[in-house]
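Laboratory data are not the source of any read-out in this text; all were calculated from the coordinates shown. Here the structure is a predicted model, which is why all the values come from computation and not from measurement. So basically every Cβ, Gly included, is an ideal-geometry build from the backbone, and we count neighbours across all protein chains shown.
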Amino acid sequence: MGKVRGFEIAKGFENLGINLPVRKTKYSAGYDIEAAEDIVIPSFKKGMNPTLVKTGLKVYMQEDEYLKLCNRSSNPKKRGLILANGIGVVDADYYENSDNDGHIMFAFYNLKEEDAVIKKGDAIRTSNFRKVFNF
């Protein structure tokens, strides 16, 4: 039986101490994903692009699945961080794509007046696998 679904380290991040996501408790709704490096997310200014936070991860899954990426519930209030796209979707065929090996990065805006600092290893999101429904 082949691989069903899971996470791997993306190319270029193999020796950087990246932790594979895990469910923190028995009934966790999703996997905690950590930042691959320290990064500063500046306070939002009109016209600026979101800041991409690297994870050093890629994901494999079945062809009728996708990975749903959600912001941590504490990020908006504590850090002022919101996802630029609301939620993220990683398609099954993104795995090992030719552009970036399927490396998952998250786009954040910071709504607070002060810069937000994310340290390597900080949990930045939760994610879970979902089935694709074709209509």
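Here is how the numbers come out for the structure above:
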read-out: Three-way shape call for the chain based on the alpha-carbon gyration tensor, with the a/c threshold at 1.5; value: prolate
read-out: Paramagnetic reach from VAL40 (point 7 Å along Cα→Cβ, amide N under 13 Å) across segment 90-133; value: 114-118
read-out: Phi to ³J(HN,Hα) by Karplus 6.51 cos²θ - 1.76 cosθ + 1.60 over segment 116-127, Hz, x for Gly, Pro; value: 9, 10, 10, 9, 3, x, 5, 6, 10, 7, 10, 9
read-out: Segment 17-28 - phi-based ³J(HN,Hα) in whole Hz, Karplus 6.51/-1.76/1.60, Gly and Pro as x; value: x, 6, 8, 5, x, 9, 7, 6, 10, 4, 10, 4
read-out: Cβ-Cβ FRET estimate between LYS119 and TYR27, R0 fixed at 22 Å, reported to 0.05; value: 0.20
read-out: Inter-label distance for LEU52 and ASN15, nm, one decimal - labels placed 7 Å from Cα along Cα-to-Cβ; value: 2.4
read-out: Relative contact order (percent, whole number), the chain, Cα cutoff 8 Å, 6+ residue spacing; value: 36
read-out: Charge dipole of segment 1-61 about the Cα centre (unit charges at C-beta), most positive-ward option of THR25, PRO42, VAL53; value: THR25
read-out: Whether segment 80-135 is rounded, prolate or oblate, judged on the alpha carbon gyration tensor where a/c under 1.5 counts as rounded; value: prolate
